[in-house]
Amino acid sequence: MQNEQLISRKVVIVGAGAVGATFAYALAQSGLSDEIALLDVNQELAKGEVLDLSHGLPYYPNVQISVGQADAYTDAHVIVITAGAKQKGAESRLDLLQRNAAIIENIVGDIVEHDSKAVIVVVSNPVDVLTYLAHKKTSWERGRVIGSGTVLDSARFRYLLSTHCGVDVHNVHAYILGEHGDSQVAAWSMSHFAGVPINEYCKHCGSCEGWENTKAEIEERVRRSAYHIIEYKGATNYAVGLALLRIVGAILRDERSVLTVSVPLQGEYGLSEVSLGVPSIVTQNGVESVIEANLTPDEIEALHASASLLQESLKAIQR
Ligand SMILES: NC(=O)c1ccc[n+]([C@@H]2O[C@H](COP(=O)([O-])OP(=O)(O)OC[C@H]3O[C@@H](n4cnc5c(N)ncnc54)[C@H](O)[C@@H]3O)[C@@H](O)[C@H]2O)c1
């Protein structure tokens, strides 16, 4: 018998492409959600993905998976937007802006119209600009409309540091801030191995020469990661699917996790009228607060440069 006290944790995924379907697969296996609804303008694609995912039901924790329509927004806890065009070849994330802004604004308009109480997580690129536009469209409190930000980039950074330095990736705490894109900022001053600042660890380790050059190489590899993967296989999907699982899990479980999601800033780091990846406390209501880390002057300067670039893109779209 159904217990009416139980609240179903429902996640709506808009866009059943490479990212949306992979996230749905990870979410179904995680047991974090009781209901997953997949929406796509390409109804056939959504139906196909839902059928395929549903055939795995005997092997997942209990979960309902369905093709959704806009009315699914009303009782959703989290709505993850992965709909839109993706990068082709050398196209930058900002090139996608014109195409995806209109799509996201329509979807968010529908969400508001359906009186949703959900937290919106924007994933479509350029994610920071689209998060800002999505937030403006809702007029909701700022923490309820967030972007996946640099959560994926930070995972890539941790992975590369882990392999380079020979330290378990779980002991690597390292953060990329700013744009999920070319102007992102490696926050070395916030990064450490189990409490030991990475620069300090490097002095003790001494196994590589020219740490400053290595740092620059690692930053560049993180920045170029998506371009390489897209060149090889046409899309990035697995790591972003897991980054989304991390963010959505923090919301569904009210974890108060610190994640570098994209959030519209209100004076933090001396910035406003822009959304970008900064360490934030993520709760069931989305971002509760932004943590202002003690960045170095160079890092602050780079963060401001990243913000200016995003603001230029916003101006271009608002013209
Ligand atoms: N933020 C990140 O970390 C990150 C990482 C990877 C990809 N992305 C971005 O995520 C987006 C999706 O990537 P993908 O590889 O899944 O692309 P994809 O082309 O495989 O899937 C996009 C899907 O969106 C659907 N769609 C388009 N307009 C729609 C609408 N109005 N309503 C519902 N569905 C609609 C399409 O039919 C398609 O199935 C891209 O913008 C990509 O750049 C972001």
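What follows draws every value from the coordinates through simple rules; no lab data is involved. Being a predicted model, the structure only gives us computed values, none of them experimental. As a convention, Cβ positions derive from the backbone with ideal geometry for all residues, glycine included, and neighbour counts pool all protein chains shown.
For the stretch 131-221, would you read off the P(r) tail past 20 Å as a percentage of all alpha carbon pairs?
On the way: 1686 of 4095 pairs.
Cα-Cα pairs in the stretch 131-221 separated by more than 20 Å: 41 percent.
Per residue, what volume in Å³ does the convex hull of the Cα atoms of the stretch 221-310 enclose?
Spelled out: Cα convex hull of the stretch 221-310, divided by residues, is 114 Å³.
Work out how far the C-alpha atoms of the stretch 278-319 reach from end to end along every principal axis, then list the three figures in whole Å, largest first.
So the extents along the principal axes, rounded to whole Å, are 35, 29, 7.
Compute the angle between helix 151-165 and the longest alpha-carbon principal axis of the chain, please, reported from 0 to 90 degrees and rounded to the nearest 10.
Between helix and principal axis, roughly 40 degrees.
Which percent, to the nearest 5, of DSSP beta bridges fully inside the chain are antiparallel?
50
Quick one: work out Rg over Rh on the C-alpha atoms of the chain, Rh as Kirkwood radius.
Rounded to two decimals, Rg over Rh is 0.97.
Within the set LYS137/LYS315; LYS117/LYS137; LYS215/LYS315; LYS117/LYS315; LYS10/LYS47, which residue pairs have Cα atoms separated by over 22 Å? The partial results should precede the final answer.
Numbers: LYS137/LYS315 16 Å; LYS117/LYS137 15 Å; LYS215/LYS315 33 Å; LYS117/LYS315 29 Å; LYS10/LYS47 18 Å.
Violating the 22 Å limit, Cα to Cα: LYS215/LYS315; LYS117/LYS315.
Using a ≥ b ≥ c from the Cα gyration tensor of the stretch 1-83 (square roots of the eigenvalues), is it rounded, prolate or oblate, where a/c under 1.5 gives rounded and otherwise the larger of a/b and b/c decides, a/b for prolate? Numbers along the way, then the final one.
Details: a/c = 1.82, a/b = 1.29, b/c = 1.41.
Verdict is oblate for the stretch 1-83.
I need LEU96, LEU51 ordered by Cβ neighbour count within 10 Å, fewest first. Walk me through the intermediate numbers first.
On the way: LEU96 21, LEU51 11.
Taking fewest neighbouring Cβ atoms as first place, the list is LEU51, LEU96.
Give me the net charge for the shell around GLN64: Cβ to Cβ below 14 angstrom, other residues only, Lys and Arg +1, Asp and Glu -1.
-1
Report the net charge of residues surrounding GLY267, where surrounding means a beta-carbon distance below 15 angstrom and charges are Lys +1, Arg +1, Asp -1, Glu -1.
Details: positive: ARG142; negative: GLU268, GLU273, GLU292.
Taking every other residue near GLY267 into account, the sum is -2.
Under a 10 Å cutoff between Cα atoms, tell me which one of ARG246, ARG224, ARG256 has the largest fluctuation in the Gaussian network model of the chain.
Ranking ARG246, ARG224, ARG256 by mean-square fluctuation puts ARG224 first.
Starting from the Cα gyration tensor of the stretch 55-125, take the square roots of the eigenvalues, sort them a ≥ b ≥ c, and report rounded, prolate or oblate (rounded when a/c is under 1.5, otherwise prolate if a/b is larger than b/c, else oblate).
Verdict is oblate for the stretch 55-125.
In whole Hz, with x marking every Gly and Pro, tabulate ³J(HN,Hα) for the stretch 306-316 from phi via Karplus 6.51 cos²θ - 1.76 cosθ + 1.60, θ = phi - 60°.
Going residue by residue, I get 4, 5, 4, 4, 5, 5, 4, 5, 4, 4, 4 Hz, with x marking Gly and Pro.
Counting Lys +1, Arg +1, Asp -1, Glu -1, what net charge surrounds ALA16 among other residues with beta carbon under 14 Å of its beta carbon? Mind dumping the intermediate values first?
Numbers: positive: LYS47, LYS86; negative: ASP40, GLU44, GLU49, ASP52.
Residues close to ALA16 contribute a combined charge of -2.
So, how do all the Cα-to-Cα distances of the stretch 1-159 break down into 5 Å bins, in percent, from 0 on up?
Spelled out per bin, shortest first, that is 2, 9, 17, 21, 20, 16, 10, 4, 1, 0, 0.
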